[in-house]
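Novice: I have a structure I would like to understand better, so I am pasting it below and will then ask my questions one at a time.
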Amino acid sequence: MDESGAAEDKKQKRQKPPLSVGRIAREILAGTALGLAALLVAHVTATAFDDGGCFGVFGFLAMFVLVFPPLNGLGSAVGVYFVGSRGKQTGSFPATLVGGFLGGLVAALLYLYASAAGNVMSGIEKIVLWVLISLIPPILATLGFNLTRRYKQPPSS
């Protein structure tokens, strides 16, 4: 009886847990929520120091380019990792973080491109585009997490 249990534990350690669409959706949702919360805090902080002059505009642009992508990536990665690590499975936080940072960089570039091309889009098209762009960091963080997903080690007795 103990031998079959030990063999099953070894088999479980080697295998990846099965993917769940619901779990992936929760990971993306949590990553989006934490990433946007981090951006909201950064935006409120930036506007608190805005004096309304030329420096305020350049300061906001510098903050958008230098602070928003890593902050959005970090928030997305933390949200994805917290939801993904619940239960019997875990993943690599560094891989999740790399996915979040790459997603933040891609999202920032697409934000800049969409802002430049914003005159040719209607209001609804802009909203849909901004929502889709904001999903990129949590999706890439979820991809990084799920590529390294595995069963947690059983506690030693």
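The values are calculated or read from the model by the stated rules, or taken from the named source; none is laboratory data. Please read these numbers as outputs of a predicted model, since none were measured by experiment. Here the Cβ positions follow ideal geometry from the backbone for every residue, glycine too, while neighbour counts run over all protein chains shown. Areas reflect the complete protein model, heavy atoms only, side chains present, ligands, DNA and RNA absent. Shrake-Rupley method; radii C 1.70, N 1.55, O 1.52, S 1.80 Å.
Novice: Would you be able to tell me the number of residues in the stretch 119-135 that are open to solvent by less than 70 Å² (accessible area, probe 1.4 Å), within 21 Å of PHE101 (Cβ to Cβ) and assigned to a helix (DSSP H, G or I)?
Specialist: The qualifying residues number 2.
Novice: Of the residues ILE139, ILE124, which is of a type in the set (Val, Ile, Thr) and modelled with pLDDT of 85 or more?
Specialist: Being of a type in the set (Val, Ile, Thr) and modelled with pLDDT of 85 or more holds for just one of ILE139, ILE124, which is ILE139.
Novice: Give just the number: which of (1) surrounded by 15 or more Cβ atoms within 10 Å (Cβ to Cβ); (2) modelled with pLDDT under 65 does ALA38 not satisfy?
Specialist: Result: ALA38 fails condition (2) only.
Novice: Continuing with the same structure: Between PHE49, PHE68, PHE55, PHE60, which is at pLDDT below 90 and open to solvent by less than 30 Å² (accessible area, probe 1.4 Å)?
Specialist: Matching residue, one of PHE49, PHE68, PHE55, PHE60: PHE68.
Novice: Please enumerate the residues belonging to the stretch 16-35 that are surrounded by fewer than 17 Cβ atoms within 10 Å (Cβ to Cβ) and not in a helix (DSSP H, G or I).
Specialist: If the condition is that a residue be surrounded by fewer than 17 Cβ atoms within 10 Å (Cβ to Cβ) and not in a helix (DSSP H, G or I), then LYS16, PRO18, LEU19, SER20 are the ones that fit.
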